[in-house]
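Trainee: Below you'll find the structure I mean.
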Amino acid sequence: MKSRTSPFIVLEGLDGSGTTTQAKLLHSHLEHSGIRSCLTYEPTDGRAGKLIRDILSGKLRSAKTGSKVVLSERTLCLLFAADRLDHTEHIGRERKRGAAIVCDRYILSSLAYQTLDPGISPAWVIEVNAGCAKPDLTILLDVPVPECARRLKSRRGAPTIYEKRAVLEAIDSNYRAMIKPYRKEFGAVVALDGAGTVEAVFERIRESVRSRLGIG
Ligand code: TMP
C-alpha cells in the first residue's frame, strides 16, 4: 500500500457511467477525511475546453455558413491534448499546495474516444499527450452500454456526438483495449463494477483508493 500526500486520481468511463457523480463524492469524502482535495475535469473550463464542449454539443456554428462545426477525431484529439497541457499546469499548482487531485476524465478518454477513427493509433494519442501529468490511479467505471444509454436518455441538455448506442458500444470496447497501452505509459488502472446504486459504486471506489493509495 502506497501513501501519497497529493495523489492524482482519475475517474473514467462511458458517457452515463457516473464519473461526474462519483468524482464529486470522492472529492467530498477526501475533504471530510481531512485531506485537501481539488475536484477537476476535462474538457476544462479553459478556452480550449470550452471550445471543445461547444463543438461536441453542436453549438459551435461557422460564421460564414451558419452550419455546425464538425472536426475530425484527429483535430479533436489535439484540442483535448492542448486543453490537458493547460490543465497539467493547474494540477501541478494544486499538488504543490498539497492537494489530492480528483479528475473526471483524462488521457484514457482520448485513447477510448478519439481512436473511434481507425486512422488514429494509440501510439499517436500517447505521443501527443507526452508532457501531461501522470496520474497515480485511474479508475474505470464499468457500466453496461444499455444502462448508460438509459441514463443518458433521462438526462437534460444537448447530447454530445458520442451519445449514440452504436458509438457507445465502440467506445466501450476501445476502453477495454486501451487499458494495457495506457497502463504502460500512465500508471495503475483498475476497472470497477460501476453498476448498482451510487452508494455501492462509491464504496468500491473508496476501497480501491484506500488499498492502492493508503488514503480515505
Ligand atoms: P462529459 O463532460 O459529460 O464527461 O463529456 C465530455 C465528453 O468528451 C465525453 O463524451 C467524452 C469526451 N472526451 C473525449 O472524447 N476525449 C477526451 O480526451 C476527453 C477528456 C473527453
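Trainee: Kindly provide the set of residues from the stretch 185-201 that are open to solvent by 30 Å² or more (accessible area, probe 1.4 Å) and in a helix (DSSP H, G or I), ordered by number.
Mentor: Glu185, Val198, Glu199, Ala200
Trainee: If I filter the stretch 47-61 down to residues being open to solvent by 30 Å² or more (accessible area, probe 1.4 Å) and in contact with a helix residue (DSSP H, G or I) (Cβ under 7 Å, 6 or more places away or on another chain), which single residue comes out as nearest to the ligand (Cβ to nearest atom)?
Mentor: In this case the residue turns out to be Leu51.
Trainee: Related question: For the stretch 159-184, which positions are surrounded by 11 or more Cβ atoms within 10 Å (Cβ to Cβ) and either in contact with a Lys or Arg (Cβ under 8 Å, 6 or more places away or on another chain) or of a type in the set (A, V, I, L, M) (or both)?
Mentor: Ile161, Val167, Leu168, Ala170, Ile171, Ala177, Met178, Ile179
Trainee: Going by what's in this entry, would Ser6 be described as farther than 18 Å from Leu108 by Cβ and not in a loop (DSSP other than H, G, I, E, B)?
Mentor: Details: farther than 18 Å from Leu108 by Cβ: yes; not in a loop (DSSP other than H, G, I, E, B): no.
It is false that Ser6 is farther than 18 Å from Leu108 by Cβ and not in a loop (DSSP other than H, G, I, E, B).
Trainee: Right, here's the next one. Please tell me if Asp15 is outside any helix (DSSP H, G or I) and either open to solvent by less than 30 Å² (accessible area, probe 1.4 Å) or within 26 Å of Glu199 (Cα to Cα) (or both).
Mentor: Working: outside any helix (DSSP H, G or I): yes; either open to solvent by less than 30 Å² (accessible area, probe 1.4 Å) or within 26 Å of Glu199 (Cα to Cα) (or both): yes.
Criteria met by Asp15.
Trainee: Ok, one more. Quick one: in the stretch 18-41, of everything that is among the β-branched types (Val, Ile, Thr) and buried (at least 17 other Cβ atoms within 10 Å of the Cβ), which residue is nearest to Ile101 (Cα to Cα)?
Mentor: The extreme case among them is Thr40.
The values are calculated or read from the model by the stated rules, or taken from the named source; none is laboratory data. Keep in mind that this is a model prediction, so the values were computed, not measured. No Cβ is skipped: glycine too gets one built from the backbone with ideal geometry, and neighbour counts run over all protein chains shown. We work out accessible area using only protein heavy atoms, side chains counted, and drop any ligands, DNA or RNA first. Shrake-Rupley method; radii C 1.70, N 1.55, O 1.52, S 1.80 Å.
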